[in-house]
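Novice: Pasting in a structure now, in C-alpha cells, and then I'll have a few things to ask.
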C-alpha cells in the first residue's frame, strides 16, 4: 500500500519544504494551496523531478466544500490518504486584542481549528474504511508533538482513539516554535515511517 500524504498550506514555506521532503522519501503528496497556483506547481514539479507522485489542489481549508473536494481529488488521483500534515493557518494579522474585530477572530478559528478538525475527520473516515489499516499519522507543525489517530475497534464506543504518539517524544524535543525546528521534526517523523 502506498503512503499518501496531504499537506495543507503546502505552496510555500514549511509546507512546501515538507512536501518536497516527503516526496523524496516515497510519499505520494497532495499539495494543498489557497492562492498561489504557480508556487504549488513548482512544489509538485520538484516532487516529480525527484521521481515522486504529487498533485496540486486549490482549496480553502476553512470551507467544508473545499475540504470535501480536496479529499475527493486525493481519492481519485492518489488513492486513500495515510498521512496528514495540517499546515494551513493564519494569525489574522497583528493587533491588540481590544482592536481585533469579530470577523477576524472568526476567520482565525475557522481555519486554524475548524479546518483542522474537518481535515482530520475526512482523513479518519478514509482510514477507518481500510481493513487492518495502520493509524493515521498527523503532524501539526505548530504543535509540540504529532498525534496518532487509530481507526475504530469493534469494542470501542468512540469512532476514533486519540493518543499522543509516544514514539515521537524523544525525537521532537523542545517546542517547535520556529519553522526550521518544525521542518527538522517533520523530517524525523517521516524517517520513522520509511
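Novice: Residues in the range 6-20: is at least one more than 24 Å from residue 115 (Cα to Cα), at pLDDT below 95 and surrounded by fewer than 24 Cβ atoms within 10 Å (Cβ to Cβ)?
Specialist: So far as the range 6-20 goes, no, none of its residues is more than 24 Å from residue 115 (Cα to Cα), at pLDDT below 95 and surrounded by fewer than 24 Cβ atoms within 10 Å (Cβ to Cβ).
Yes/no matrix, rows are residues, columns are (1) crowded, with 18+ Cβ neighbours inside 10 Å; (2) in contact with a strand residue (DSSP E or B) (Cβ under 9 Å, 6 or more places away or on another chain); (3) without any contact (Cβ under 8 Å) to a residue 60 or more places away in the chain; (4) in a loop (DSSP other than H, G, I, E, B):
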{"site": "32", "(1), (2), (3), (4)": "yes, yes, yes, no"}
{"site": "40", "(1), (2), (3), (4)": "yes, yes, yes, no"}
{"site": "44", "(1), (2), (3), (4)": "yes, yes, yes, no"}
{"site": "48", "(1), (2), (3), (4)": "no, yes, yes, no"}
{"site": "56", "(1), (2), (3), (4)": "yes, yes, yes, no"}
{"site": "68", "(1), (2), (3), (4)": "no, no, yes, no"}
{"site": "72", "(1), (2), (3), (4)": "no, no, yes, no"}
{"site": "76", "(1), (2), (3), (4)": "no, no, yes, no"}
{"site": "87", "(1), (2), (3), (4)": "yes, yes, no, yes"}
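Novice: Looking at residue 17 and the list (1) farther than 14 Å from residue 122 by Cα; (2) in contact (Cβ under 8 Å) with a residue 12 or more places away in the chain; (3) outside any helix (DSSP H, G or I); (4) touching a helix residue (DSSP H, G or I) at 6+ places or on another chain (Cβ under 8 Å), which single condition is not satisfied?
Specialist: Checking residue 17 against (1) farther than 14 Å from residue 122 by Cα; (2) in contact (Cβ under 8 Å) with a residue 12 or more places away in the chain; (3) outside any helix (DSSP H, G or I); (4) touching a helix residue (DSSP H, G or I) at 6+ places or on another chain (Cβ under 8 Å), the one that fails is (3).
Novice: OK, next. Restricted to the range 89-109, and to residues that are in contact (Cβ under 8 Å) with a residue 12 or more places away in the chain, more than 16 Å from the chain's Cα centre (by Cα) and closer than 21 Å to residue 14 by Cα, which residue is surrounded by the fewest Cβ atoms within 10 Å (Cβ to Cβ)?
Specialist: Ranking the candidates gives 91 first.
The values are calculated or read from the model by the stated rules, or taken from the named source; none is laboratory data. Since this is a predicted model, take the numbers as computed values, not measurements. Because the Cβ atoms are built from the backbone with ideal geometry, glycine has one as well, and the counts that use them run over all protein chains shown.
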